[in-house]
Amino acid sequence: MRRTPVPLLTGTALAVVALGALAAPTAYANGDPQGDSRKESHQGSHSLEVFPSSADPGTTVTVNTLACGKHGHGVGDANSLGAGEFQLNPSTHKEVVVGQFTVPHHAKAGTYWISVACDNGKTARGELVVKHKNPSGHVRTGIGGSVGPDHTQIAAGAAVLAAAAVGGTWLLRRRASGAQDG
Amino acid sequence: MSNSSKGWGIAVAACVGLWMIQNGSGEITPPVPSAAQAFAAGPSVHTDAAADPLPPSPPVRLRIPEIDVDTPMTGLGLDGSGALEVPPAEDRNLAGWYENGTKPGAKGTAIVAGHVDNAQGPAVFYALGALKKGHRIEVDRQDGRTAVFTIDAIEVYEKDRFPDAKVYGEADRAEIRVITCGGGFSRKSGGYQGNVVAFGHLIGVR
């Protein structure tokens, strides 16, 4: 029984190796120091460096890639988080293209794919994690409408007092009439 | 019963009645947690182990059986100053959660806030300060699961000494904070003087 998963795992591993082998030459050609073959093999995209890789709304995010080649250009797609498209142009390192976009304020927290289509037909993808700032400071959750006299207790007190008054009156009358009778 | 003892009974009743009227005329404020419920008061009385965090799913309802809280939940954002927004005050039975933050039951610190009162009187978290360590907080989620938290502490902070990192900071297990107003009330200096915060961690799932 315990042996069953092994052939399955081997099959999967083989498939991954096969995909990796296909993607590997481009990965090395890009000089990708990470050598993340899993990301590289995804739909044959090159890696896109995203900085910062985790950002809150309003932050400007810079992406760069080697995919577009020397003096290349590309168009970035940040529609997944509602930031539209942006241009990538050669940086000071001419083999690298660079572009920027801003994380919109309405972007929800989560992980988004940013993709780039180069003029040379190649594509690159990278991940951006959108995180929101934690709140700060105290919370205004009350105005004091519950603060005040205890009306229930006052009413109960008044009722007890009234009962005592009625009882007292009755007792006094009885005494008075008792005195007459006697 | 003799007339004299009846007289005494009536006199005592009159005194009790007067005392109740006098006592009730003082200002009553929401319950304030005792120092024994704070983190600083030594090791917590319970030893419930943390449960594994759930995948994220938005909350639908929150219950705190000990103080008869059973409330729907609404999403909250941040205002211009970065402070947590609050649910609409008109609705006395409505709690809010920070929807750009951690979802209750998922890994991290989920933030819940609700009013202690509104203009009409007590609101959803009026009795939050009466909770004790070990009491339960239950959150029904959109995925049909109920995240069950145990309370680790209930603390009170002054407005301008609110410990952001302690209350809102990240956690590597599933935690929750339930926040409301409290910590003294002054009509002269801006109402409630601070916040009551209940700290909890996930101990189970139903």
Pick from the range A:123-148, criterion among the aliphatic types (A, V, I, L, M) and facing chain B (nearest Cβ under 7 Å), ranking: surrounded by the fewest Cβ atoms within 10 Å (Cβ to Cβ): A:Ile143
A:Asp119 being over 29 Å from B:Gly108 (Cα atoms), among the acidic types (Asp, Glu) and at the interface with chain B (Cβ under 7 Å from one of its Cβ atoms): no
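So is B:Leu94 surrounded by 14 or more Cβ atoms within 10 Å (Cβ to Cβ), within 14 Å of chain A (Cβ to nearest Cβ), free of Cβ contacts under 8 Å to residues at least 12 places away in the same chain and under 30 Å from B:Phe185 (Cβ atoms) or not? Before you say what the answer is, go through the steps one by one.
Details: surrounded by 14 or more Cβ atoms within 10 Å (Cβ to Cβ): yes; within 14 Å of chain A (Cβ to nearest Cβ): yes; free of Cβ contacts under 8 Å to residues at least 12 places away in the same chain: no; under 30 Å from B:Phe185 (Cβ atoms): yes.
No: the conditions fail for B:Leu94.
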List the residue pairs whose Cβ atoms are under 9 Å apart, where the first residue sits in the range B:2-20 and is at the interface with chain A (Cβ under 8 Å from one of its Cβ atoms), the second is polar (S, T, N, Q), and the two are 6 or more positions apart or on different chains. B:Met20/A:Gln153
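Got a sec? Which strands (runs of 3 or more DSSP E) wholly within the range B:57-158 have at least 2 residues that are touching a Gly at 6+ places or on another chain (Cβ under 8 Å) and at pLDDT 95 or above?
Working: elements: B:59-64, B:69-76, B:95-98, B:108-114, B:136-141, B:146-158.
Correct list: B:69-76, B:95-98, B:108-114, B:136-141, B:146-158.
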Members of the range B:152-176 that are crowded, with 20+ Cβ neighbours inside 10 Å and closer than 22 Å to B:Ser57 by Cβ: B:Tyr168, B:Ala174, B:Glu175, B:Ile176
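With respect to B:Ser34, determine if the residue is loosely packed, with under 13 Cβ neighbours inside 10 Å and polar (S, T, N, Q). Please lay out each step first, then the result.
On the way: loosely packed, with under 13 Cβ neighbours inside 10 Å: no; polar (S, T, N, Q): yes.
Answer is no for this residue.
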List every residue pair whose Cβ atoms sit under 6 Å apart, with the two residues 6 or more apart in sequence or on different chains, where the first one lies in the range B:134-149 and is surrounded by fewer than 20 Cβ atoms within 10 Å (Cβ to Cβ) and the second, anywhere, is acidic (Asp, Glu) and outside any loop (DSSP other than H, G, I, E, B). B:His135/B:Glu66; B:Thr146/B:Glu138; B:Thr146/B:Asp140; B:Val148/B:Glu138
Matching residues in the range A:92-121 - criterion: being under 12 Å from A:Gly74 (Cα atoms) and part of a loop (DSSP other than H, G, I, E, B): A:Val96, A:Asp119, A:Asn120, A:Gly121
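So for the range B:71-83 (the condition being within 22 Å of B:Phe185 (Cβ to Cβ) and either out of contact with any helix residue (DSSP H, G or I) (no Cβ under 6 Å at 6 or more places or on another chain) or within 12 Å of chain A (Cβ to nearest Cβ) (or both)), does at least one residue qualify?
Within the range B:71-83, one or more residues are within 22 Å of B:Phe185 (Cβ to Cβ) and either out of contact with any helix residue (DSSP H, G or I) (no Cβ under 6 Å at 6 or more places or on another chain) or within 12 Å of chain A (Cβ to nearest Cβ) (or both).
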Can you name the residue in the range B:154-176 that is in contact (Cβ under 8 Å) with a residue 40 or more places away in the chain and in contact with a Ser or Thr (Cβ under 7 Å, 6 or more places away or on another chain) and is also nearest to B:Glu66 (Cα to Cα) among such residues? B:Glu175
A:Ser47 crowded, with 16+ Cβ neighbours inside 10 Å and at pLDDT 95 or above: no
Answer yes or no as to whether A:Val96 is over 30 Å from B:Val116 (Cα atoms) and over 20 Å from the mean Cα position of the chain (by Cα). yes
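The values are calculated or read from the model by the stated rules, or taken from the named source; none is laboratory data. Predicted model only: the values in this text are computed from it and were never measured. Neighbour counts are summed over all protein chains in view; Cβ atoms, including those assigned to glycine, are modelled from backbone coordinates with ideal geometry.
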